[in-house]
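Here is the structure we will look at, set down as structure tokens.
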Ligand code: ADP
């Protein structure tokens with residue numbers, strides 16, 4: 001079946017939400033389509049409406065306008081328990097008086113399944129989150145990460161068509177988060193639920209999802225693949241929200257962008273006119289420029305007056321001087337002064353660059369993108 005014909009797992013149509021008549025709306029006419037079996041992250045600043053979207057899909061909050069459909073079925077007026085959805089919150093919210101196993105068996109028991117059968121299925125779900133050996137323990141005896149694994153097992157035990165997670169791992173240590181991401185990957189391989197989750201962590205978004213929804217002030221700014229939201233943002237706002245540090249306002253003329261960093265050959269198909277050049281600092285590298293080569297010609301040497309396709313011109317190069325250097329694990333982040341502008345980049349492997357070093361910054365064609373000015 002092609003994706004065009006596939007019924008979306010989640011469809012929001014013009015969903016609007018206001019919590020009060022005095023405050024600005026939390027969501028402004030949000031439209032969203034999530035395909036079955038995909039994992040999608042919602043990112044955006046605090047207060048942008050991320051949790052509100054999840055809560056409206058789950059039925060924990062009513063929208064003021066618009067429709068919610070799950071697998072094509074309009075569930076806007078249905079109660080949470082009628083929607084076939086499970087939700088995991090930042091805190092595990094396990095029942096303290098039940099064992100780990102009975103916490104996971106709870107939904108089946110409430111649905112009238114026999115104790116033996118509910119426990120058997122619970123055991124399978126505990127195995128799925130690598131907690132099988134903890135079945136008879138009480139939740140209080142588990143670490144935070146283990147409790148969250150149990151909460152995920154409990155959510156899966158309800159066999160939801162859609163699994164919603166609201167900042168599920170944000171309270172955990174970085175190392176534990178990696179383990180949780182691996183757990184989600186193995187769950188996806190085993191039962192392939194549709195996953196929609198909120199995170200404020202860009203790395204987590206890309207580790208757990210193949211698509212990202214970017215929200216700001218209750219507006220959906222972009223819904224796209226991970227690669228596109230990072231490298232081909234729909235707007236300067238998206239680039240900034242995803243941690244993009246390089247943005248140079250300027251003008252495109254015949255496939256060449258002109259700005260404070262000079263002339264940069266971009267894709268020849270980009271229309272002429274005002275545009276802001278953006279590129280990720282992780283996608284461009286600086287190397288030591290050998291003394292003796294000219295150092296004063298800030299700006300681009302590869303720009304070509306009638307630049308055809310970007311690729312034909314090869315990598316672009318800027319010349320500048322390092323003004324700041326910060327080591328982050330194995331990576332070395334730099335600020336390079338190019339003309340009157342600061343370019344954020346990383347040191348090429350083997351280049352132990354420091355403040356004052358003359359450098360060449362290479363701009364690969366694929367890293368360059370323009371957004372509306
Ligand atoms: P996020 O998850 O992106 O931080 P939320 O969806 O929690 O954002 O909130 C969006 C907006 O709605 C914020 O301005 C927030 O203050 C407001 N809001 C959220 N929940 C409530 C509530 N129960 N009552 C009143 N205002 C709320």
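A quick yes/no check of all residues on (1) assigned by TED's automatic domain parsing to the domain that holds residue 26; (2) touching a helix residue (DSSP H, G or I) at 6+ places or on another chain (Cβ under 7 Å):
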position	(1), (2)
208	yes, yes
214	yes, yes
218	yes, no
223	yes, no
226	yes, yes
250	no, no
253	no, no
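Starting from the stretch 113-125, keep only residues that are farther than 23 Å from residue 184 by Cα, then list their pairs with residues that are buried (at least 18 other Cβ atoms within 10 Å of the Cβ) and at pLDDT below 95 whose Cβ atoms are within a distance under 8 Å, requiring at least 6 positions of separation or different chains.
What qualifies is 117/108.
Name the one entry in 93, 60 that is within 15 Å of the ligand (Cβ to nearest atom), assigned to a loop (DSSP other than H, G, I, E, B) and assigned by TED's automatic domain parsing to the domain that holds residue 151.
Numbers: 93 fails: within 15 Å of the ligand (Cβ to nearest atom).
When all the criteria are applied, what remains is 60.
Identify the single condition in (1) within 24 Å of residue 82 (Cα to Cα); (2) outside any loop (DSSP other than H, G, I, E, B) that residue 220 does not satisfy, given that it satisfies every other one.
Of (1) within 24 Å of residue 82 (Cα to Cα); (2) outside any loop (DSSP other than H, G, I, E, B), only one is false for residue 220: (1).
Residues that are loosely packed, with under 12 Cβ neighbours inside 10 Å, modelled with pLDDT of 95 or more and touching a strand residue (DSSP E or B) at 6+ places or on another chain (Cβ under 6 Å): list the strands (runs of 3 or more DSSP E) wholly contained in the stretch 298-350 that include at least 1 such residues. Steps first, please.
Working: elements: 316-328, 331-338, 341-347.
So the answer is 316-328.
I'd like to check something: does the stretch 71-78 contain any residue that is farther than 19 Å from residue 221 by Cβ and near the ligand (Cβ under 9 Å from one of its atoms)?
Of all residues in the stretch 71-78, those farther than 19 Å from residue 221 by Cβ come to 71-78.
Next, only the ones that are near the ligand (Cβ under 9 Å from one of its atoms) stay: none.
No, the stretch 71-78 contains no residue that is farther than 19 Å from residue 221 by Cβ and near the ligand (Cβ under 9 Å from one of its atoms).
Give the residue that is surrounded by the fewest Cβ atoms within 10 Å (Cβ to Cβ), with candidates limited to residues of the stretch 16-32 that are within 12 Å of the ligand (Cβ to nearest atom) and under 24 Å from residue 160 (Cβ atoms).
17
Just one of (1) within 18 Å of residue 145 (Cα to Cα); (2) within 15 Å of the ligand (Cβ to nearest atom) trips up residue 205, so point out which.
Result: residue 205 passes all but (1).
Out of all the residues in the stretch 33-54, which are within 17 Å of residue 67 (Cα to Cα), more than 6 Å from the ligand (Cβ to nearest atom) and buried (at least 20 other Cβ atoms within 10 Å of the Cβ)?
34, 53, 54, listed by residue number.
Condition first: touching a helix residue (DSSP H, G or I) at 6+ places or on another chain (Cβ under 8 Å) and either farther than 26 Å from residue 207 by Cβ or part of a strand (DSSP E or B) (or both). Now tell me which residues in the stretch 6-49 satisfy that.
Matches in the stretch 6-49: 10, 12, 15, 17, 26, 27, 30, 32, 39, 41, 42, 43.
What number of residues within the stretch 74-90 are surrounded by 14 or more Cβ atoms within 10 Å (Cβ to Cβ) and assigned to a strand (DSSP E or B)?
Within the stretch 74-90, residues that are surrounded by 14 or more Cβ atoms within 10 Å (Cβ to Cβ) and assigned to a strand (DSSP E or B) number 4.
The values are calculated or read from the model by the stated rules, or taken from the named source; none is laboratory data. Please read these numbers as outputs of a predicted model, since none were measured by experiment. Here Cβ is always computed from backbone atoms with ideal geometry, including for glycine, and neighbour counts include all displayed protein chains.
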